[in-house]
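The structure appears right after this line, and notes come after that.
The values are calculated or read from the model by the stated rules, or taken from the named source; none is laboratory data. Since the structure is predicted, the reported quantities are computational estimates derived from the model, not experimental observations. All Cβ positions, glycine included, derive from the backbone under ideal geometry; neighbour counts span all protein chains shown. Accessible surface is based on the protein model in full, side chains and every heavy atom, while ligands, DNA and RNA are left aside. Shrake-Rupley method; radii C 1.70, N 1.55, O 1.52, S 1.80 Å.
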Amino acid sequence: MTITIYDVAKEAKVSMATVSRVVNNNPNVKEDTRLRVQEVIKKLRYTPNAVARGLASKKTTTIGIVLPDIADLSSAEVVSGIESVANMYKYNIILANSCDDKEIEKNIFASFVSKQVDGIIYLGHSLSESSKNYLKDIKIPVVLAGNLGNDSEFYAVNIDYEKAAYDITKEFIKKGSKNISLVIDRYESQKTQRIIKGYKEALAKEKVEFKPQHIIDGYRTYKESNRLYKTITNIEADVVITMFDEVALAVMHQALDTGMSIPGELEIISLENTKLLDMTRPKISSIFQPIFDIGAVSMRILTKIIDIEKAKHKGEEIDEEELEELKIQKNEMNLPYRIIHRQTTK
């Protein structure tokens with residue numbers, strides 16, 4: 001049996017409005033009444049519904065998180081970072097899996113609006129224009145975690161993908177590699193465009209000819225990458241840079257199955273860096289991204305935005321220091337990264 005606010009009010013012999021005030025720590029309740037209501041809440045084990053609490057206050061202390069794939073290791077680690085800060089500031093979170101489908105994604109945003117979430121953290125690979133416009137219209141604070149929005153309306157927390165791609169490409173060229181292949185997901189995403197730009201800049205800087213066939217698109221999962229190795233061998237790549245760990249793992253397995261020496265004949269490095277890479281043999285090299293921290297920082301920025309918006313709504317004084325810090329961060333905050341050489345690079 002579900003205990004409701006009505007049950008508490010009846011048992012405590014007060015109105016439902018009084019129970020609501022006690023739950024929301026409203027000071028306009030007599031102390032003896034407050035204690036009586038709290039005793040009943042404890043006795044009946046009543047758990048206030050966050051959405052119900054928000055109907056009057058317009059604040060549900062709830063954050064909506066959009067995942068592209070609930071089984072994705074990177075997303076899981078970002079969510080862990082989000083949860084660590086959400087728990088600290090007593091926010092509830094709602095997870096929603098979009099299956100990387102833009103129609104499902106739009107329905108998720110509408111569902112979040114109906115649940116009166118205070119903010120949204122988006123972990124998807126790229127926001128469609130229709131989703132961007134919808135999020136602007138509903139005026140709910142949004143932070144993009146681990147991806148780029150290219151829009152001043154949204155905050156984003158990432159690493160500098162362009163510089164990371166530049167650094168690793170340049171390093172391989174300096175070691176004598178000339179046929180460096182870059183395996184991407186989709187051209188249209190801002191993240192992909194940054195990575196391609198860094199890759200091309202490194203080639204140009206080191207006077208290595210850019211070959212369009214060395215950029216291979218359409219790969220994000222292990223399953224999708226089953227035939228990728230054939231393409232890599234056809235272009236005679238000696239280095240493969242992938243955007244995702246599962247793709248790096250697929251290439252390595254296919255190469256080893258043919259008897260190719262890694263890293264002797266083919267070097268492999270990923271730009272993602274989930275826990276998966278430490279579980280492989282040989283261990284796959286990567287650009288280290290602080291994935292947990294991306295989630296934690298995204299959540300902290302969101303709490304700041306929510307607090308500022310709440311203060312504006314109530315006509316209260318705004319913390320100018322926090323406001324200035326957010327202006328500096330807007331619209332993108334880059335966390336530090338580093339190159340980790342394991343066993344698939346020389």
Query raised in the report: Any chance region 159-166 includes a residue that's more than 30 Å from Asn234 (Cα to Cα), open to solvent by 30 Å² or more (accessible area, probe 1.4 Å) and under 18 Å from the mean Cα position of the chain (by Cα)?
Result: yes
Query raised in the report: Do we have any residue at all in region 187-197 that's at pLDDT below 95, open to solvent by 40 Å² or more (accessible area, probe 1.4 Å), in contact with a Ser or Thr (Cβ under 9 Å, 6 or more places away or on another chain) and more than 18 Å from Asp72 (Cα to Cα)?
Result: yes
Report task. Please state which one of Asp69, Asp100 is in contact with a Cys (Cβ under 8 Å, 6 or more places away or on another chain) and surrounded by fewer than 21 Cβ atoms within 10 Å (Cβ to Cβ). Result -> Asp69
Requested in this report: Taking the residues in region 105-124 that are surrounded by fewer than 20 Cβ atoms within 10 Å (Cβ to Cβ) and not aliphatic (A, V, I, L, M) as candidates, determine which candidate is nearest to Arg194 (Cα to Cα).
Outcome: Lys106
Query raised in the report: Between residues in region 79-96 that are in contact (Cβ under 8 Å) with a residue 60 or more places away in the chain and residues that are in a strand (DSSP E or B) and not hydrophobic (A, V, I, L, M, F, W, C), which pairs lie under 9 Å by C-beta distance while being six or more apart or on different chains?
Result: Ala86/Asn92; Tyr91/Thr62; Tyr91/Gly119
Report summary line: For helices (runs of 4 or more DSSP H) lying entirely in region 55-169, having 3 or more residues that are among the charged types (D, E, K, R) picks out 102-114, 129-138
Query raised in the report: Scanning region 21-38 for residues that are part of a helix (DSSP H, G or I) and touching a helix residue (DSSP H, G or I) at 6+ places or on another chain (Cβ under 8 Å), which turns out modelled with the lowest pLDDT?
Result: Val23
Requested in this report: Please work out which one of (1) without any contact (Cβ under 8 Å) to a residue 40 or more places away in the chain; (2) within 19 Å of the chain's Cα centre (by Cα); (3) assigned to a loop (DSSP other than H, G, I, E, B) is the condition Tyr187 fails and give its number.
Outcome: (2)
Report task. Please tell me if Thr274 is of a type in the set (Ser, Thr, Tyr), at pLDDT 95 or above and in contact with a helix residue (DSSP H, G or I) (Cβ under 8 Å, 6 or more places away or on another chain). Result -> no
Report summary line: For region 194-228, the count of residues that are in a helix (DSSP H, G or I), more than 22 Å from Asp69 (Cα to Cα) and without any contact (Cβ under 8 Å) to a residue 40 or more places away in the chain equals 12
Query raised in the report: Could you give every pair whose Cβ atoms fall below 8 Å, whose first residue belongs to region 23-36 and is of a type in the set (D, E, K, R), and whose second residue is surrounded by 12 or more Cβ atoms within 10 Å (Cβ to Cβ), counting only separations of at least 6 or pairs across chains?
Result: Arg34/Val22; Arg36/Ala12; Arg36/Val14
Query raised in the report: Across region 190-211, what is the total count of residues that are under 30 Å from the mean Cα position of the chain (by Cα) and within 21 Å of Lys230 (Cβ to Cβ)?
Result: 0
